[in-house]
Structure formats: C-alpha cells, structure tokens
Amino acid sequence: MKKNKSDNQIPDSELQNYHTPVLLKECIEGLHIKPDSTYVDCTFGGGGHSLAILEKLNKNGRLIAFDQDEDAKKNLPQDERVIFIPQNFRHLQRFLRLYKITKVDGILADLGVSSHQFDKADRGFSIRFDAALDMRMDQRQIQTAADVLKNLSGAQLHKMFEQYGEVTNSKTLANTIVSQRSISPLRTINEFKKAIHDVVKGNPQKYFAQVFQALRIEVNDELGALKTFLEQAPGVLQSGGRIAIITFHSLEDRVVKNFFRDGTFENTATDEVFGHRFENPFKVITKKPITATQEEINKNSRSRSAKLRVAELK
Ligand SMILES: C[S@@+](CC[C@H](N)C(=O)[O-])C[C@H]1O[C@@H](n2cnc3c(N)ncnc32)[C@H](O)[C@@H]1O
C-alpha cells in the first residue's frame, strides 16, 4: 500500500528504483580501496556506490556518507561501519571534525540529482509532471525554483540560463520571465512552461531540459558547493588517498578537471611573482575522463553523460 506523504516514508516499490549507480566498477577501481580504511561517499543517494565500497572494507573500515536529501536516509544499510551525515558536502571538513576524523583514505562524489528526486513529481525537478516549482535537494533550504524566478533580476536570469543551461536565447527568455511574472506568478511547472511557450527554440523537450537544469543548479548552488568541497579535499585526504568525482555536464567537469590539474582555484601566477611556486598536491590519475561503456548506456541511459575523474593526493 502506498504510504501517506506525511508519513515521510518512501514506499518499498519506489525504494527499489531509487537510483542505479553509474560507473560503479570504474569508481571502485579508481578509489583503490584499502580494507581497513575510512572512505567518504559525499552523495549517498540510493547507496549503490556506498554498498560497493562497504563490500571492499573489512570490519575495521568506515564509511562516512553525506546526503543533503533526507529521503536518502531510508536507504541506509544496517551496518555499524556507516556514519550518515544529512548535510551538504560543502561542509565536509567541518562534519568530519565533529566526528573526530581528521584524515580519510578516499572520497567519492557522484554529482547532481538522483533518479528518485527526478521521478518524484512533487520535488519539482522534472518537466514530465506538473507540481510546485521546488527543485530543492535539501528541503530545509528556503529558496525554491519559484523564488529564483520571482526574485532574480533580468540580468541575473540571463546569466543563469546562459551559463548553467547554455540556453541559446537566454536574454529573450529572461526578458519574457520578467514581463510574465508581473502579469501572473510563476509558481508551478505548467504555469512556467505556459509563460515561456512563445520563446521556446528548437526541440521543446531539449529546450525545457536546459532551462530546468539551469534553475536546478542555481537553486542548489551546485557549482558553489562543488568548489567549496574541492578546496577542502587536499586537507582531509591522507597522502596516497584518492578522490573520484562523477559529473554530468561540462561546467562541472571543467571545474573538476582544472582543480585536479592545478590543485587550486587561485591564480597561481601571483605566487610566482613572490618567488614561491604553488605546488599542486594532486597527481591526476585519469588524464582523460572515464565514460560509460555502450553496454552500461544501453542498460541505463543516464550514464550517457557521466564523466569520472580520479586524482591522488601526493
Ligand atoms: C546522483 S545521486 C547519487 C547516487 C548514488 N551514488 C547511488 O549510488 O545511489 C546524487 C545524490 O547526492 C545528493 N547531493 C547532491 N549534491 C549534494 C551536496 N552538495 N551535498 C550533499 N548531498 C548532495 C543528492 O541529494 C542525491 O541524493
């Protein structure tokens, strides 16, 4: 029987399809798991990657699992080696310290939304449904997608759709939103789709997907969280420890690639002026990103755009 939403429970039928992990074997190989060590899964979700890590750990191993979505907690295995932290991974170091963990042997992040979030109509992530424009991965957060559409200026909306969605007519789209929202509020997916109907360019499915991706990245500050988290990684990894990150769009992949290559987001040329060169703490393991095999793509179309990059702390 389907449980009432207010029970804050996910029906068993949904749990089975919560999420299919992508590039699973490749991640586990890339992490070089040592059986008695401590690993962090920053994006627990349906727990597929976490379970595979746990299988490689012995009784002394530990897994710290982060997920900012409370729903993910329902997928936790009964396993005393696991600590679940229902927080944004941008606070990685702070929460590890809270558990008196100073160094870990490996970190995994499988970025973006889970199939569960995408398939649950009332989360507001998918153009397939009509629901409130929500899109918060962390439902304790105040700002929703409707708030973004209501509060951002035309220039901010333009930049957001251009940068995060690569929407070709992002300025026209932003101007349309600004004029339409003064006529009637954009609170639901259908209200929004109707309001921008006249400016849709090309394939509507593709266009809406780009627009929704941009909104989702903004609502959850996905790039801000990724950068803040990456900057903490060298400080929490043991020497020889590995970090593996799966991205799903080029913006994220570029951030990860450049950070693994440079070890910083700062302009290191300035340091050279003062005579000390910044040394990248990482050794890049994957010169090119690892992508899904055709066999995996056939089974799970979501893996098509996945890119895995791995680095090791020197
Ligand atoms: C692609 S799914 C991960 C799926 C997981 N690897 C599995 O095997 O089921 C991404 C998950 O990470 C969570 N997430 C995304 N960004 C996050 C962040 N900044 N902090 C914490 N959790 C985040 C989402 O809520 C979602 O559950």
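Before moving on, here are some points about what is shown:
- Cβ-Cβ distances below 9 Å connect the following pairs, each with a first residue in region 40-58 that is part of a helix (DSSP H, G or I), a second residue that is among the aromatic types (F, W, Y) and within 11 Å of the ligand (Cβ to nearest atom), and a separation of six or more residues or different chains: G48/Y18; S50/F44.
- Subset tally (residues that are out of contact with any Cys (no Cβ under 7 Å at 6 or more places or on another chain) and either surrounded by 18 or more Cβ atoms within 10 Å (Cβ to Cβ) or part of a strand (DSSP E or B) (or both)) for region 67-90: 12
- Restricting region 138-152 to residues that are assigned to a loop (DSSP other than H, G, I, E, B) and in contact with an Asp or Glu (Cβ under 7 Å, 6 or more places away or on another chain) leaves a set whose member that is surrounded by the fewest Cβ atoms within 10 Å (Cβ to Cβ) is Q139.
- Look at (1) surrounded by 13 or more Cβ atoms within 10 Å (Cβ to Cβ); (2) more than 28 Å from S37 (Cβ to Cβ); (3) acidic (D, E) and you find that E266 fails only one, number (1).
For every residue, the table says whether it meets (1) away from the ligand (no atom under 16 Å from the Cβ); (2) over 30 Å from L23 (Cβ atoms); (3) modelled with pLDDT of 95 or more; (4) of a type in the set (A, V, I, L, M, F, W, C).
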{"position": "R123", "(1), (2), (3), (4)": "no, no, yes, no"}
{"position": "L152", "(1), (2), (3), (4)": "yes, yes, yes, yes"}
{"position": "K171", "(1), (2), (3), (4)": "yes, yes, yes, no"}
{"position": "T176", "(1), (2), (3), (4)": "yes, yes, yes, no"}
{"position": "S179", "(1), (2), (3), (4)": "yes, yes, yes, no"}
{"position": "N190", "(1), (2), (3), (4)": "yes, yes, yes, no"}
{"position": "V200", "(1), (2), (3), (4)": "yes, yes, yes, yes"}
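- Scanning region 46-60 turns up no residue that is buried (at least 19 other Cβ atoms within 10 Å of the Cβ), at pLDDT 95 or above and basic (K, R).
- Candidate set: region 91-110, residues that are closer than 21 Å to H32 by Cβ and surrounded by fewer than 20 Cβ atoms within 10 Å (Cβ to Cβ); chosen: the one nearest to the ligand (Cβ to nearest atom): I101
The values are calculated or read from the model by the stated rules, or taken from the named source; none is laboratory data. Not measured: the values here are computed from a predicted model. As a convention, Cβ positions derive from the backbone with ideal geometry for all residues, glycine included, and neighbour counts pool all protein chains shown.
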